Amino acid sequence: MKSLKFKLTISYDGTSYQGWQTQKIGVGVQQKVEQALAKLFPSKPLLHSSSRTDTGVHAIGMIAHFEVPANKCKMAARKLALALNAWLPQDIRIMSAVSAQKNFHARFDATGKQYRYFVWNHTAMNPLIRTTAWHVSRPLDLAGMRLAARLFKGTRDFQSFAANPGYAKESTVRTVRRCDVKANGSLLTFIIEGDGFLYKMCRGIVGTLIQVGLGKFRAEEIEQMLSKKDRRVAGMTAPAQGLVLWKVFYRRPSAVKRSKSVSRELVGRHLA
């Protein structure tokens, strides 16, 4: 039977949820979105997501896809986001819904992700961001944290910065393409971008960087922590509420097509 596939971009405040994934105990964001889908489609489609966020973690750019039988879908993609949002709680929103290619997969086609972590560095917490930022009241050495952040870039074994997921991982090697610390007044933004992340890896990196800022570790010690491949040698795990899945990266089909046509043109010129 012919089916239609849709790609959703989902944002949510994870404060009230036990993470993204549907849970046996507690409520996951996935469950809420699938319940909304069931209101629109009798087939009760299941979501396949790009990532799994933990309890209390937020997202601005979670990607997920679902399929429905073509003969059961009379709704245009442009109306799908509005229809789903009508059935969702206010802390979950479908930011966009578009038709996807038949072979698209939200998880397996992803080429990377960007997470952002927010810290409010002031003696008093900003009450407007109390559920989306970590309050660190003591002064921080911003230059030291930036120096340490650079040492996370590259293809490394990040076992020292990840929590035990409860099952064996095939590999703990990941590539971090970006690790920056931005400051805007009292608000610090840690931007971590890579090809994939281990369980609580971003929070382990941020917690360690904060402790560098507090003088507990020297920036040079990051290299030693990485080489030890032991969680006990690195810093703390930052609290969940400051972490946001910011963006998921995909290879653009149009870019691939353009690169192929350019290659053909160059080959043609060479042979002429």
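For the chain, modelled as a GNM with alpha-carbon contacts under 10 angstrom, which of Cys179, Cys73, Cys202 fluctuates the most?
Taking springs between Cα atoms under 10 Å, the residue moving most is Cys73.
Can you sort Arg156, Arg52, Arg146 by 1.4 Å-probe accessible area, starting with the largest?
In descending accessible area the options line up as Arg52, Arg146, Arg156.
Given the -39500 (n - 2.57) contribution per DSSP H run of 4+ residues, what per-residue ellipticity at 222 nm results for the chain, rounded to the nearest 500 deg cm²/dmol?
-8000 deg cm²/dmol
Hey, could you grab the Kirkwood Rh for segment 70-155? Inverse mean 1/r over distinct alpha carbon pairs, Å, one decimal.
By the Kirkwood definition, the hydrodynamic radius is 18.0 Å.
Leaving out same-chain residues fewer than 8 places away, which lysines sit with a Cα under 27 Å from that of Lys153?
Partners within reach: Lys113, Lys169, Lys182, Lys200, Lys216, Lys228, Lys229, Lys247.
With every protein chain in place, what's the accessible area of Ser137 (1.4 Å probe, Å², nearest 10)?
Roughly 60 Å² of Ser137 is accessible to a 1.4 Å probe.
List the pair-distance distribution P(r) of the chain, using every Cα-Cα distance, as the percent of pairs falling in each 5 Å bin from 0 up to the bin containing the longest distance, rounded to whole percents.
Per 5 Å bin, starting at 0, the Cα pair percentages come out as 1, 5, 11, 15, 15, 14, 12, 10, 7, 5, 3, 1, 0, 0, 0.
Pick out, from Ala110, Thr55, Ser99, the residue whose Cα sits farthest towards the positive end of the charge dipole of segment 55-117, with +1 on the Cβ of Lys and Arg and -1 on the Cβ of Asp and Glu.
Ser99
Which peptide among 90-97, 208-215 comes first, and what is the full order, when sorted by highest mean count of other Cβ atoms within 10 Å?
Final packing ranking: 208-215, 90-97.
Determine how large the accessible area of Tyr167 is when every protein chain is in place; take a 1.4 Å probe and give Å² rounded to the nearest 10.
130
Give the whole-number value, in cubic angstrom per residue, of the convex hull volume spanned by the C-alpha atoms of segment 19-68.
78
Enter the Cα centre distance for the pair segment 146-212 and segment 64-88, rounded to the nearest angstrom.
36
Among all the lysines, which ones have a C-alpha under 23 Å from Lys74's C-alpha, if same-chain residues fewer than 8 places away are not counted?
Qualifying lysines at Cα under 23 Å: Lys2, Lys5, Lys7, Lys32, Lys39, Lys44, Lys102.
For a paramagnetic label modelled at 7 Å from the Cα of Ala70 toward its Cβ, which residues of segment 8-44 fall within the zone defined by backbone nitrogen distances under 16 Å?
none
Per residue of segment 179-193, in order, report the coupling 6.51 cos²θ - 1.76 cosθ + 1.60 (Karplus, θ = phi - 60°) as ³J(HN,Hα) in whole Hz, putting x for Gly and Pro.
Taking θ as phi minus 60°, the curve returns 8, 10, 10, 9, 10, 9, x, 7, 8, 9, 10, 9, 10, 10, 10 Hz for segment 179-193.
Please find, in a Gaussian network model of the chain (springs between Cα atoms separated by less than 10 Å), the residue of Gly166, Gly154, Gly14 whose mean-square fluctuation is greatest.
Its mean-square fluctuation being the largest, the pick is Gly166.
Using a 1.4 angstrom probe and counting only protein chains, how large is the accessible area of Val248 in Å², to 10?
Near enough 10 Å² of accessible area.
What is the diffusion coefficient of segment 45-96 in µm²/s, taking the Kirkwood radius over Cα pairs and the Stokes-Einstein relation at 20 °C with a viscosity of 1.002 mPa s?
For the chosen part, D equals 168 µm²/s.
Under a Cβ-only charge scheme (Lys and Arg +1, Asp and Glu -1), can you give me the dipole magnitude of the chain about the Cα centre, in debye to the nearest 20?
980
The values are calculated or read from the model by the stated rules, or taken from the named source; none is laboratory data. Nothing here was measured: the structure is a model prediction, and the numbers come from that model. Neighbour counts are summed over all protein chains in view; Cβ atoms, including those assigned to glycine, are modelled from backbone coordinates with ideal geometry. These accessible areas exclude ligands, DNA and RNA; they are computed on the full protein's heavy atoms, side chains included. Shrake-Rupley method; radii C 1.70, N 1.55, O 1.52, S 1.80 Å.
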